[in-house]
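Reviewing the structure listed below.
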Amino acid sequence: QVQLMESGGGLVQPGGSLRLSCAASGSSSGPNAMAWYRQAPGKQRESVAWISSGGVTTYRDSVKGRFTISRDNAKNMVYLQMNNLKPEDTAVYYCYYSRQGQIYWGQGTQVTVSS
């Protein structure tokens, strides 16, 4: 059983930066994918950024050039560096882990971008 714990959310002004972290415990070795999703009030959960165990990354168009996903396989950590944040980035951000058809979610961390 994989458990995910996010941290790093908070309140930031437009144009500011935040770094989200996610610690994965109970994960085993082998190919897997980690990602960040977000869900704003009244909206569906959407993917933000993905990273494979080999380091291949993908981003949704609206965050390209502003967000960077990275991971430390030795520490079982995944990060999301968010720069130039916009009010529309306000959401609960969830860590995601998948391996061999199994999917796990963190509890979420709130990111609020407001002046």
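A 1.4 Å probe run over the protein chains yields, for the stretch 25-115, 52 Å² of accessible area per residue, whole-number rounding. If I model a spin label at GLN107 and ALA74 as a point 7 Å from the Cα along the Cα→Cβ vector, what separation in nanometres do I get? Taking the two extended label points, one gets 3.0 nm. Per residue, the convex hull spanned by the Cα atoms of the chain amounts to 94 cubic angstrom.
The stretch 51-115 and the stretch 34-49 have Cα centres spaced 9 Å apart. Among SER98, SER62, SER70, which one shows the highest mean-square fluctuation when the chain is modelled as a Gaussian network with alpha-carbon springs under 10 Å? Result: SER62 has the largest fluctuation of those listed.
Of the trypsin sites (Lys or Arg not before Pro) in the stretch 8-115, which ones lie in a loop per DSSP and count no more than 12 other C-beta atoms within 10 Å?
Numbers: sites: ARG19, ARG38, LYS43, ARG45, ARG60, LYS64, ARG66, ARG71, LYS75, ARG99; in loops: LYS43, ARG45, ARG60, LYS64, ARG66, LYS75.
For trypsin sites (Lys or Arg not before Pro) across the stretch 8-115 that sit outside H, G, I, E and B with at most 12 neighbouring Cβ atoms in 10 Å, the list reads LYS43, LYS64, LYS75.
The fraction of Cα-Cα pairs per 5 angstrom bin, counted from 0 for the stretch 68-114, comes to 5, 16, 22, 26, 16, 10, 5, 1 percent, rounded to whole percents.
The values are calculated or read from the model by the stated rules, or taken from the named source; none is laboratory data. Note that the structure is predicted; figures quoted are calculated from it, not measured. Counting neighbours? That spans all protein chains shown, and the Cβs are built from the backbone with ideal geometry, glycine included. Heavy atoms of the whole protein, side chains included, go into the accessibility calculation; ligands, DNA and RNA do not. Shrake-Rupley method; radii C 1.70, N 1.55, O 1.52, S 1.80 Å.
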